[in-house]
Amino acid sequence: MTRKICVVVTARPSYSRIKTAMDAIRAHPDLELQVVAAASALLDRYGSAVRYIEKDGFKIDARVSMVLEGENLTSMAKTTGLGLLELATVFDNLQPDVVVTVADRYETIATAIAAAYMNIPVAHVQGGEVTGSIDEKVRHAVTKLADLHLVATEMARERVIRMGEDPASVYRTGCPSVDLAADILVSPALDFNPYEKYGGVGTEVNYKDGYLVVMQHPVTTEYKVARKHVQETLHAVHEIGLPTLWFWPNVDAGSDGTSVGIRSFRENVAPQNIHFFKNMEPSDFLRLLYNSRAIVGNSSVGIRECAFLGVPAVNIGVRQIGRERGRNVVDVGYDRAEIKTAIQTQIANGRAPQDTLYGDGKAGERIAEILATAELRIDKRLTY
C-alpha cells in the first residue's frame with residue numbers, strides 16, 4: 001500500500017535540507033508526497049521560500065501561517081504553540097502515514113509534538129547533532145518524539161543511539177543539502193546575474209574578480225546583543241573592501257536586532273562593497289557559494305555544504321559550537337579585528353579539500369527508500 005509522506009517545510013534552510021528527499025519521495029512508486037509550507041517559508045520578508053517550492057513543481061497541500069511578530073523569546077514560544085494548534089488540524093485533514101520534520105527550529109518541535117500526539121510516525125532529519133543554542137534542546141527533544149531518525153553523520157547516529165533510541169530506527173543517510181551541492185559540481189559556473197534575477201539593495205558590486213558571501217543569524221541565547229554582533233562583522237567586511245553579497249537573517253529572537261544593525265550600518269556608513277539579498281533558489285545560492293572566496297557568518301551552510309564544496313568558511317561565535325567540522329572552517333569570536341584576520345587567512349589559503357563528512361550526494365534517495373520500507377512502530381488504527 002502506498003504510504004503518504006507529509007513533509008513540513010518551515011523556513012528557507014529547511015527547504016534546501018529536504019528538497020532532494022522530496023524529489024525522491026515524489027518519484028518513488030510506493031510513496032505519495034504531501035507538502036505543508038509553514039511559518040517563515042510563507043513570508044516575503046524572509047525570502048518567501050514557498051515560491052521556490054512551487055517553482056520546482058511541488059504541489060502545496062496546506063499552508064500554515066503561524067509566525068507572530070516580535071522576534072523575541074516570547075514570540076518564539078507563542079509561535080510554537082500556534083504552530084502546534086494549526087498543524088494538528090492540517091494532519092487531521094491530510095491523514096499522512098509519516099510526518100517528516102527537519103532539523104532543529106521551534107517550528108520543528110511543533111510539527112513533532114502534533115504528529116506524535118496524533119499517533120502519526122515522525123521521521124526526523126538531522127538529529128543527533130550538537131550546537132550552542134536553544135536549537136540543540138529542540139533537536140534532542142524532537143529525537144525523543146521521533147520514530148525514524150535520518151541523521152547526517154556517524155557521530156550523530158551514535159549520539160542518537162546513546163539517547164536511548166533503537167539502533168534499528170537510526171539511519172545514517174547524509175544531509176540532503178549536500179545532494180544539491182553535489183549537483184552543483186557537475187556545472188559549477190556562475191551562470192546568472194544575481195542582481196538581475198534577485199534584485200536586493202545596496203551597491204551592485206563587481207563580483208567578477210572575487211567576492212565574499214555573508215550570512216549571519218542571531219543567536220537565541222544572545223539575542224539582546226545581536227545588533228552588536230552583526231556590526232562587528234559589518235565593520236570587518238567593510239574594512240577588507242572585497243565585494244560582498246550579504247543575506248538576510250532567519251526569523252529568530254534577535255533577528256530584529258540583526259536587521260536594525262544592518263540597516264543602521266547601511267545608512268550611516270553607506271558601504272560601497274556590500275549588496276544585500278533576502279533569498280535565492282537553493283541551487284543558485286550554492287553556485288554563488290562555490291564561486292566565492294569565502295563564506296563569513298554563523299550559518300550551518302559553512303559547516304555542511306561548504307565542507308563538501310571546499311569553500312573556506314569563517315565561523316563567528318557560538319551558534320555552531322559543538323557541530324562537527326570539515327577542514328574548511330576557521331572559528332572566531334565577535335571581534336572585528338579577529339574576523340578580518342580570519343577572512344584574510346582563509347582567502348590566502350584558498351579552496352579547501354572536499355570533505356564528505358555530511359554526505360556523498362545520495363541522501364535524498366536513501367531517505368525515500370527508508371520511508372518506503374521501514375517498519376512503522378505506531379499503528380494509527382489503534383484506539384484508546
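Check 88, 27, 11 and return the single one that is buried (at least 24 other Cβ atoms within 10 Å of the Cβ), of a type in the set (A, V, I, L, M, F, W, C) and out of contact with any Cys (no Cβ under 9 Å at 6 or more places or on another chain).
Working: 88 fails: buried (at least 24 other Cβ atoms within 10 Å of the Cβ); 27 fails: buried (at least 24 other Cβ atoms within 10 Å of the Cβ).
One residue alone meets the criteria, 11.
Does residue 79 satisfy being closer than 20 Å to residue 256 by Cβ, buried (at least 20 other Cβ atoms within 10 Å of the Cβ) and among the hydroxyl-bearing types (Ser, Thr, Tyr)? Lay out the reasoning, then the answer.
Numbers: closer than 20 Å to residue 256 by Cβ: yes; buried (at least 20 other Cβ atoms within 10 Å of the Cβ): yes; among the hydroxyl-bearing types (Ser, Thr, Tyr): yes.
Yes: the conditions hold for residue 79.
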- line: Picked from region 190-246 (must be within 19 Å of residue 298 (Cα to Cα) and hydroxyl-bearing (Ser, Thr, Tyr)), the residue surrounded by the fewest Cβ atoms within 10 Å (Cβ to Cβ) is 221
field: Matching residues in region 111-136 - criterion: being under 24 Å from residue 355 (Cα atoms) and in a loop (DSSP other than H, G, I, E, B)
entry: 126, 127, 128, 129, 130, 131, 132
- prompt: Quick check: is even one residue across region 137-149 part of a helix (DSSP H, G or I), surrounded by 24 or more Cβ atoms within 10 Å (Cβ to Cβ) and among the hydrophobic types (A, V, I, L, M, F, W, C)?
  reply: yes
message: Among the residues of region 263-288, what is the count of those that are crowded, with 23+ Cβ neighbours inside 10 Å and either in a helix (DSSP H, G or I) or of a type in the set (Asp, Glu) (or both)?
response: 4
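Taking the stated definitions as given, is residue 295 in a helix (DSSP H, G or I) and buried (at least 24 other Cβ atoms within 10 Å of the Cβ)? Talk me through it step by step, then tell me what you get.
Details: in a helix (DSSP H, G or I): no; buried (at least 24 other Cβ atoms within 10 Å of the Cβ): yes.
No, not satisfied.
So which of 223, 195, 171, 207 ends up being assigned to a strand (DSSP E or B) and among the aromatic types (Phe, Trp, Tyr)? Walk me through how you get there before you give the answer.
Values: 223 fails: assigned to a strand (DSSP E or B); 195 fails: assigned to a strand (DSSP E or B); 207 fails: assigned to a strand (DSSP E or B).
Just one listed residue meets the conditions, 171.
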- request: Would you check if there is a residue in region 311-323 being free of Cβ contacts under 8 Å to residues at least 60 places away in the same chain, assigned to a loop (DSSP other than H, G, I, E, B) and surrounded by fewer than 21 Cβ atoms within 10 Å (Cβ to Cβ)?
  value: no
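For region 1-21, which positions are in contact with a strand residue (DSSP E or B) (Cβ under 7 Å, 6 or more places away or on another chain) and under 13 Å from residue 371 (Cα atoms)? Explain how you work it out, then say what you get.
Of the residues in region 1-21, the ones in contact with a strand residue (DSSP E or B) (Cβ under 7 Å, 6 or more places away or on another chain) are 2-10, 14-15, 17-18.
Listed by number, the residues that qualify are 2, 3, 4, 5, 6, 7.
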- request: For residue 60, indicate whether it is within 23 Å of residue 198 (Cβ to Cβ), touching a residue at least 40 places away in the same chain (Cβ under 8 Å) and not charged (D, E, K, R).
  value: no
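All of the numbers you see were taken from the coordinates with simple rules; none came from a lab. All figures in this text were calculated on a predicted structure; none of them were measured in a lab. Glycine also receives a Cβ, built like all others from the backbone with ideal geometry; neighbour counts cover every protein chain displayed.
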